[in-house]
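Take a look at the structure set out below.
The values are calculated or read from the model by the stated rules, or taken from the named source; none is laboratory data. Small disclaimer: the values here were computed from a predicted structure and weren't measured. Because the Cβ atoms are built from the backbone with ideal geometry, glycine has one as well, and the counts that use them run over all protein chains shown. Just the protein is used for accessible areas: all its heavy atoms, side chains included, with ligands, DNA and RNA removed. Shrake-Rupley method; radii C 1.70, N 1.55, O 1.52, S 1.80 Å.
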Amino acid sequence: MKMLWPSNSPDLNAIEPMWFYIKKETTKRGPTSNRKKLRVRWEKCWEDLPQRKIQEWIEAIPHHVKEVIRLEGGNEYKEGRKK
């Protein structure tokens, strides 16, 4: 079965929450404009990414899909943890 993808629905890719997580983790001690330091921070964070976080993001996908279906693809969908 193929899910039709409404044009204004959120991106439900499991990797999306990871970007926010890495940004938060890599700027805890303040942002940097040094490209080399930034790359080192991001790569270290990626290597240290806890498997449990990845699993949480994957397990949340069915909830997000149900919400998008409930809203009929509307852009009222608020991403984040289920309540």
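Filtered by the rule that a residue be of a type outside the set (Lys, Arg) and open to solvent by 100 Å² or more (accessible area, probe 1.4 Å), the stretch 44-75 gives Trp46, Glu47, Gln51, Glu59, Ile69, Glu72, Asn75.
For the stretch 8-19, state whether one or more residues are within 26 Å of Glu76 (Cα to Cα), touching a residue at least 60 places away in the same chain (Cβ under 8 Å), open to solvent by 60 Å² or more (accessible area, probe 1.4 Å) and not in a helix (DSSP H, G or I). Checked the stretch 8-19: at least one residue is within 26 Å of Glu76 (Cα to Cα), touching a residue at least 60 places away in the same chain (Cβ under 8 Å), open to solvent by 60 Å² or more (accessible area, probe 1.4 Å) and not in a helix (DSSP H, G or I).
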